[in-house]
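To keep things clear, I will list the structure first and then write my remarks on it.
The values are calculated or read from the model by the stated rules, or taken from the named source; none is laboratory data. Since the structure is predicted, the reported quantities are computational estimates derived from the model, not experimental observations. As a convention, Cβ positions derive from the backbone with ideal geometry for all residues, glycine included, and neighbour counts pool all protein chains shown.
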Amino acid sequence: MPVAEIENAIDAFLRALRFERNASPLTIKSYSEDLRHLLVYFEEEGLAPRHPSEISTAMLRGFVAYLHACGYARSTVARRLASLRSFFRFCQRERLATSNPAQPLRTPRTGRKLPHFLTTEQIARLLEAPPTDTPLGLRDRAILETLYAAGLRVAELVGLDVDDWDRDAGVLRVRGKGRRERIAPIGSYATKALLRWLEVRRPDPSGGADAQRALFLNRFGRRLTTRSVARMLEKYLAITGLDRITSPHTLRHSFATHLLDGGADLRSVQELLGHKSLTTTQIYTHVSTRRLRETYERAHPHATRHD
């Protein structure tokens with residue numbers, strides 16, 4: 001097959017992501033899909049580069065034009081360009097290519113949507129929704145309290161083990177993106193909810209070591225999945241009447257927004273969220289600024305001029 005050497009290079013790149021950069025399975029899957037899509041494009045266009053060094057900037061520019069013509073979102077095009085740049089950097093390092101043909105290509109402006117978040121009053125309604133007279137209700141309240149108290153991603157939450165909670169220090173050991181670990185403090189509300197959940201937590205004896213370790217379990221006593229957390233949240237959104245676009249990640253957005261509203265500095269919020277770059281955290285300053293502006297215009301008598 002004409003692209004066999006390119007496919008070998010892609011396979012080697014994906015292995016490097018896994019073993020050298022410790023990338024998550026989801027990240028590796030995304031890179032793989034992006035690069036395989038390029039090969040499909042070459043085949044459909046009758047192009048037959050046999051080696052990464054035979055791929056030119058003009059060929060990649062045609063691929064980007066094809067993505068736009070297919071109606072892909074700018075964010076998707078930008079991500080695929082980022083995948084190509086990373087792949088060809090790897091090829092340069094491994095002496096499979098002398099240059100990076102993806103480097104000259106311009107990344108489309110994507111803009112950044114302000115994250116959806118809940119007010120403190122809405123958070124209180126949501127956290128109080130799970131019943132406290134059933135094991136699953138206690139678990140659900142502990143999950144919601146922990147998501148909001150520590151600003152966790154849902155994958156980080158379901159990956160927690162019982163031993164990751166240091167009760168004396170009041171912190172969780174969290175494994176984030178790229179397997180980077182961080183320490184996340186939690187407050188008295190989450191602590192109380194977790195203690196009550198642990199009193200009724202019953203792992204499945206036949207579930208193996210993972211079920212015994214997992215902090216949060218499903219109704220069968222096995223480790224909870226991210227989809228199960230999303231379904232659980234949907235149930236309480238219906239009960240409380242909160243916006244249905246709310247997701248488990250909304251609690252993370254709310255955590256960051258409320259911290260900044262309360263006077264926390266951006267660097268501290270960055271560390272608490274586990275963001276690699278401060279730029280990622282800065283989106284929350286736009287949320288706080290917008291709310292400040294809305295409050296000003298609503299409250300100040302000279303904020304809006306009426307001619």
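Return the residues of the range 157-184 that are touching a residue at least 60 places away in the same chain (Cβ under 8 Å) and either touching a strand residue (DSSP E or B) at 6+ places or on another chain (Cβ under 6 Å) or over 20 Å from ARG222 (Cα atoms) (or both); say none if nothing qualifies.
Within the range 157-184, VAL174, GLY176, LYS177, GLY178, ARG179, ARG180, ARG182, ALA184 qualify.
Any chance the range 191-200 includes a residue that's within 15 Å of GLY151 (Cα to Cα), surrounded by 13 or more Cβ atoms within 10 Å (Cβ to Cβ) and out of contact with any Phe, Trp or Tyr (no Cβ under 7 Å at 6 or more places or on another chain)? Looking through the range 191-200, at least one residue is within 15 Å of GLY151 (Cα to Cα), surrounded by 13 or more Cβ atoms within 10 Å (Cβ to Cβ) and out of contact with any Phe, Trp or Tyr (no Cβ under 7 Å at 6 or more places or on another chain).
Residues that are assigned to a helix (DSSP H, G or I) and of a type in the set (D, E, K, R) within the range 244-266 comprise ARG252, ASP261, listed in sequence order. A single member of HIS249, HIS258 is under 16 Å from VAL174 (Cα atoms) and of a type outside the set (A, V, I, L, M), and it is HIS249.
Could you list, in sequence order, the residues of the range 87-96 that are under 22 Å from ALA65 (Cβ atoms) and free of Cβ contacts under 8 Å to residues at least 60 places away in the same chain?
Of everything in the range 87-96, just one residue is under 22 Å from ALA65 (Cβ atoms) and free of Cβ contacts under 8 Å to residues at least 60 places away in the same chain, namely PHE88.
Taken as a whole, the structure leaves PRO115 outside the set of residues that are under 23 Å from ASP34 (Cβ atoms), at pLDDT below 95, not aliphatic (A, V, I, L, M) and not assigned by TED's automatic domain parsing to the domain that holds THR191. For the criterion of being outside any helix (DSSP H, G or I), buried (at least 20 other Cβ atoms within 10 Å of the Cβ), assigned by TED's automatic domain parsing to the domain that holds ALA193 and free of Cβ contacts under 8 Å to residues at least 40 places away in the same chain, LEU152 fails. Evaluation of ASN218 against the conditions (1) closer than 25 Å to LEU259 by Cβ; (2) free of Cβ contacts under 8 Å to residues at least 24 places away in the same chain shows that the sole unmet condition is (1). Inside the range 88-140, residues that are under 30 Å from LEU60 (Cα atoms), of a type in the set (A, V, I, L, M) and touching a Lys or Arg at 6+ places or on another chain (Cβ under 8 Å) make up a count of 2.
If you go through the range 15-54 and pick out every residue that is within 20 Å of the chain's Cα centre (by Cα) and either assigned by TED's automatic domain parsing to the domain that holds ALA155 or assigned to a helix (DSSP H, G or I) (or both), you end up with 12. Yes or no: GLN212 surrounded by fewer than 16 Cβ atoms within 10 Å (Cβ to Cβ), modelled with pLDDT of 95 or more and either touching a helix residue (DSSP H, G or I) at 6+ places or on another chain (Cβ under 6 Å) or assigned by TED's automatic domain parsing to the domain that holds LEU195 (or both)? Here the answer is yes, as GLN212 does meet what is asked.
Suppose we keep only residues that are farther than 24 Å from ILE245 by Cβ and of a type outside the set (Asp, Glu) within the range 122-138. Which one would you say is surrounded by the most Cβ atoms within 10 Å (Cβ to Cβ)? The extreme case among them is LEU138. Go through the residues of the range 120-134 one by one and say whether even a single one is assigned by TED's automatic domain parsing to the domain that holds LEU242, in a helix (DSSP H, G or I), touching a residue at least 60 places away in the same chain (Cβ under 8 Å) and touching a Gly at 6+ places or on another chain (Cβ under 8 Å). No, every residue in the range 120-134 fails to be assigned by TED's automatic domain parsing to the domain that holds LEU242, in a helix (DSSP H, G or I), touching a residue at least 60 places away in the same chain (Cβ under 8 Å) and touching a Gly at 6+ places or on another chain (Cβ under 8 Å). Among the residues that make up the range 187-194, is at least one of them closer than 20 Å to THR226 by Cβ, outside the structural domain of ARG18 (by TED's automatic domain parsing) and of a type in the set (Phe, Trp, Tyr)? The answer is no; no qualifying residue exists. Highlighted here are the helices (runs of 4 or more DSSP H) found entirely within the range 185-243 that include at least 3 residues which are under 23 Å from the mean Cα position of the chain (by Cα): 226-240. Kindly establish whether THR76 is surrounded by 14 or more Cβ atoms within 10 Å (Cβ to Cβ) and under 25 Å from the mean Cα position of the chain (by Cα). Yes; evaluated as a whole, the condition is true for this residue.
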